[in-house]
Amino acid sequence: MEFEKLNGLKRTHKCACITKEDIGKEVVVMGFTDSVRNLGGLIFINIRDISGVIQTVYSTDDAEMYEKAAKVRGEYVIAVVGKVAARDKAVINPNMKTGEIEIIAKELRILSAAKTPPFYIVENSDVKEELRLQYRYLDLRRPDMQRRMLLRSQVAKIVRDYYEENGFIEIETPILVKSTPEGARDYLVPSRVRNGCFYALPQSPQQYKQLLMLSGMDRYFQIAKCFRDEDLRADRQPEFTQIDLEMSFVDEDDVMTVNEGLLKRVFKEVKGIDLETPFLRMPYAEAMDRFGSDKPDTRFGLEITDISKVVEGCGFGVFTGALEAGGSVRAINAKGLGDQISRKNIDALGEFVKTYKAKGLAWIKVNPDGVQSPIAKFFEKDRLNAILKATDAKENDVIFIVADKNSVVYASLGALRLEIAKRYNLIDNSKYNFLWVTDFPLLEYDEEEKRYVAMHHPFTAPKDEDLELLDTDPGKVRAKAYDIILNGVELGGGSMRIYNSDLQQKMFEVIGLPAEEIEARFGFLIDAFKYGAPPHGGMAYGFDRMLMLLDGCDSIRDVIAFPKVQNASELMTNAPDVVDAKQLEELGIAIVKSEE
């Protein structure tokens, strides 16, 4: 088939931008063939572009054009010149934005033919994700995917407009940076001109944005590409985008307030929702005690209750053993679910918590005729009643109890409350519950490495009142850190930064970095502080996560044009792939094959 050229033909309208006001006008539309219906004597071709779909009509009155229209198949790229007309009332399509009009074609050009696609280009396709990603350029033609790309562009513009209105400067920081492997693994890039040396791709612009504050830039932001060589989940990618910002001469309240303003703007313009500010703030310790998580979903109850004091000295070995080992005994009350949670369901939930290292799940069901529980026999009546009172248990409630070290209790009960809420439809998906989690521990102890590591990163400032604990009890030092949580998802996080060279040096020492390593990795930063550093702090949002939540997707892959899959590969281009031996030779690299 010979394909035609535009030869100066110009598109006058996008397909779905034509309205009833254009009836009688001559228009030119171009796009992909969405569908073809040949009724014998009349052919209807729906043409689709990023704005939507419009129907074009061809009749035997123009035999040559009719014959050409009969050759058109799905996904052909065509240009149509014609006059806008009103559809007959009997054939109005209320499900189409342009369902009241059509274009009576006077010229048709076939610009490009197309093979039959491996799946239908339709909204909300149920095709396997692997096939969609292999043919991502086709998947991106689907209307729901195109809306997500438009949403991405819209939110990026809102972000830029908001920060610029609030005195921020957009500055790009380098992509090829120095490797400072604290946290996730770096992606490394070999240097051709300095064989044996490597750049890293940035996990965040952290050090550069701090240096921008030392440079007097005052307020910086960037929509930045970042890279982490880590195992993937539904809300993680090896390369991702974050909204990054830093501010000078501020405290935590200033950073949180300006960013509440951003979220308020985004949700108003995108969702039409007026968020109430200021958002709830909750210390880390409270979040863990109540929800077992530092990113609590507050759209439902099932809060955790500490019953350690109630069961202390009860004689039940599982509980007393946990308490003697320095752990705790905690419970959640699945209120009103007793008639829905069967013994089989309870056993399944018991297996569920074991995946979070819990040794088991104790339970007490309050029935109309009394208490049902395999552990009831270990408690006298008063003690059992005390447990029911502590958990506010009433008829038809089910209490679930885990006893272990605190980290296991929090992790297992925190996951259990989410699992119960999902299984029994306790979550109101129309809610958008924001909160700040604050006062994180500055450090956490790494059992494998036998040293403290930074919970966020080693540039986070400790709370002033906890400074002296750095020498005596580092594990109790709280950080000037804050995470923004939306419906149980960490949307972003940040902190006030260390801006004193002596304190930064001490922080590196507390996390066990030797002096020579501190100098090699971070000497430039410590030296920079000696030339005058303003108090500063900032944060970063996961841009992809934000879009995922705004659109109600299950995975960030659906809001990224060309995402990676579980093994960090891209199915469309087959990246990563082998490279030529000559390229490796120039880089001074030899590939050593590992034995199976």
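The values are calculated or read from the model by the stated rules, or taken from the named source; none is laboratory data. All values reported here derive from a predicted model rather than from experimental measurement. Note that each Cβ is placed from the backbone with ideal geometry, even for glycine, and that neighbours are counted across all protein chains shown. The protein model used for the area step is the full one, side chains on, heavy atoms only, and it has no ligands, DNA or RNA in it. Shrake-Rupley method; radii C 1.70, N 1.55, O 1.52, S 1.80 Å.
Is there a residue being surrounded by 18 or more Cβ atoms within 10 Å (Cβ to Cβ), in contact with a Ser or Thr (Cβ under 7 Å, 6 or more places away or on another chain) and closer than 18 Å to TYR163 by Cα anywhere in segment 286-293?
Checked segment 286-293: no residue is surrounded by 18 or more Cβ atoms within 10 Å (Cβ to Cβ), in contact with a Ser or Thr (Cβ under 7 Å, 6 or more places away or on another chain) and closer than 18 Å to TYR163 by Cα.
Filtering segment 76-86 down to residues that are in contact (Cβ under 8 Å) with a residue 60 or more places away in the chain and open to solvent by less than 40 Å² (accessible area, probe 1.4 Å), which residue is farthest from ARG109 (Cα to Cα)?
Per the criteria, the residue is ALA85.
Within the set of pairs 6 or more residues apart or between chains, which connect a residue that is among the charged types (D, E, K, R) inside segment 184-196 to a residue that is in a loop (DSSP other than H, G, I, E, B) with Cβ atoms less than 6 Å apart?
As it stands, the answer is ASP186/SER179, since those pairs meet every condition given.
Among the candidates LYS463, LYS431, LYS422, single out the residue that is of a type in the set (D, E, K, R) and either closer than 19 Å to ASP254 by Cα or buried (at least 20 other Cβ atoms within 10 Å of the Cβ) (or both). Spell out the reasoning first.
On the way: LYS431 fails: either closer than 19 Å to ASP254 by Cα or buried (at least 20 other Cβ atoms within 10 Å of the Cβ) (or both); LYS422 fails: either closer than 19 Å to ASP254 by Cα or buried (at least 20 other Cβ atoms within 10 Å of the Cβ) (or both).
Residue meeting the stated conditions: LYS463.
So, in segment 116-163, of the ones that are in a loop (DSSP other than H, G, I, E, B) and touching a residue at least 40 places away in the same chain (Cβ under 8 Å), which residue ends up nearest to ARG73 (Cα to Cα)? Walk me through it before giving the result.
Step one: list which residues in segment 116-163 are in a loop (DSSP other than H, G, I, E, B), which gives 116-128, 135, 140-142.
Narrowing further to those that are touching a residue at least 40 places away in the same chain (Cβ under 8 Å): 116-117, 121, 135, 140-141.
Numbers: THR116: 8, PRO117: 11, ILE121: 13, TYR135: 19, LEU140: 19, ARG141: 16 Å.
Taking the candidates together, the pick is THR116.
Quick one: count up the residues across segment 8-33 that are surrounded by 20 or more Cβ atoms within 10 Å (Cβ to Cβ) and part of a loop (DSSP other than H, G, I, E, B).
Final tally of qualifying residues: 1.
As an exercise: evaluate PHE378 against (1) among the hydrophobic types (A, V, I, L, M, F, W, C); (2) open to solvent by less than 40 Å² (accessible area, probe 1.4 Å); (3) more than 21 Å from ASP289 (Cβ to Cβ) and give the number of the one condition it does not meet.
Failed condition: (2).
Suppose the filter is open to solvent by 80 Å² or more (accessible area, probe 1.4 Å) and either modelled with pLDDT under 95 or within 29 Å of MET539 (Cα to Cα) (or both); does GLU164 pass it?
On the way: open to solvent by 80 Å² or more (accessible area, probe 1.4 Å): yes; either modelled with pLDDT under 95 or within 29 Å of MET539 (Cα to Cα) (or both): yes.
Judged against the criteria, GLU164 is a match.
Being without any contact (Cβ under 8 Å) to a residue 40 or more places away in the chain, in a loop (DSSP other than H, G, I, E, B) and within 22 Å of PHE119 (Cα to Cα) is true for just one of VAL36, VAL72. Which residue is that?
It is VAL72.
Note down all Cβ pairs under 8 Å where the first residue falls in segment 224-244 and is over 12 Å from ALA184 (Cβ atoms) and touching a residue at least 60 places away in the same chain (Cβ under 8 Å), the second is among the basic types (Lys, Arg) and surrounded by fewer than 20 Cβ atoms within 10 Å (Cβ to Cβ), and they're at least six residues apart or on different chains.
GLU239/LYS225; THR241/LYS225
Which numbered condition in (1) surrounded by 13 or more Cβ atoms within 10 Å (Cβ to Cβ); (2) at positive phi is the only one that GLY40 fails?
So the condition that GLY40 fails would be (1).
Here is a list of conditions, (1) open to solvent by less than 60 Å² (accessible area, probe 1.4 Å); (2) touching a helix residue (DSSP H, G or I) at 6+ places or on another chain (Cβ under 9 Å), and GLU260 meets all of them except one; can you say which number that is?
Result: GLU260 fails condition (2) only.
Give LYS97, LYS106, LYS68, LYS89 a once-over and let me know the one that is more than 36 Å from the chain's Cα centre (by Cα), surrounded by 14 or more Cβ atoms within 10 Å (Cβ to Cβ) and of a type outside the set (A, V, I, L, M).
LYS68
When segment 364-411 is examined, which residues are found to be assigned to a strand (DSSP E or B), touching a residue at least 40 places away in the same chain (Cβ under 8 Å) and not acidic (Asp, Glu)?
Selection gives VAL398, ILE399, PHE400, ILE401, VAL402, ALA403.
Is it true that some residue in segment 503-510 is under 30 Å from ILE387 (Cα atoms) and open to solvent by less than 10 Å² (accessible area, probe 1.4 Å)? Before the answer, list the steps.
So in segment 503-510, the residues under 30 Å from ILE387 (Cα atoms) come out as none.
The answer is no, given that none of the residues of segment 503-510 is under 30 Å from ILE387 (Cα atoms) and open to solvent by less than 10 Å² (accessible area, probe 1.4 Å).
GLN237 - would you say it is in a loop (DSSP other than H, G, I, E, B) and either open to solvent by less than 30 Å² (accessible area, probe 1.4 Å) or at pLDDT 95 or above (or both)?
Yes; evaluated as a whole, the condition is true for this residue.
Please enumerate the residues belonging to segment 336-348 that are in contact with a strand residue (DSSP E or B) (Cβ under 7 Å, 6 or more places away or on another chain) and under 20 Å from ALA403 (Cα atoms).
Restricting attention to segment 336-348, the residues satisfying the condition of being in contact with a strand residue (DSSP E or B) (Cβ under 7 Å, 6 or more places away or on another chain) are 337-338, 341, 346.
Hit for segment 336-348 is ILE346, nothing else.
Using beta carbons and a limit of 7 Å, which pairs, at least six apart or on different chains, have the first residue in segment 576-589 and open to solvent by 100 Å² or more (accessible area, probe 1.4 Å) and the second one not aliphatic (A, V, I, L, M)?
Between residues of segment 576-589 that are open to solvent by 100 Å² or more (accessible area, probe 1.4 Å) and residues that are not aliphatic (A, V, I, L, M), the close pairs are PRO576/SER569.
Of all residues in segment 534-572 being surrounded by fewer than 20 Cβ atoms within 10 Å (Cβ to Cβ) and in contact with a strand residue (DSSP E or B) (Cβ under 9 Å, 6 or more places away or on another chain), which is nearest to GLY494 (Cα to Cα)?
PRO535
Rundown of residues vs (1) under 17 Å from LEU418 (Cα atoms); (2) among the β-branched types (Val, Ile, Thr); (3) surrounded by 17 or more Cβ atoms within 10 Å (Cβ to Cβ), yes/no style:
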| site | (1), (2), (3) |
| --- | --- |
| GLN340 | yes, no, no |
| ALA358 | yes, no, yes |
| SER373 | no, no, yes |
| ALA386 | no, no, yes |
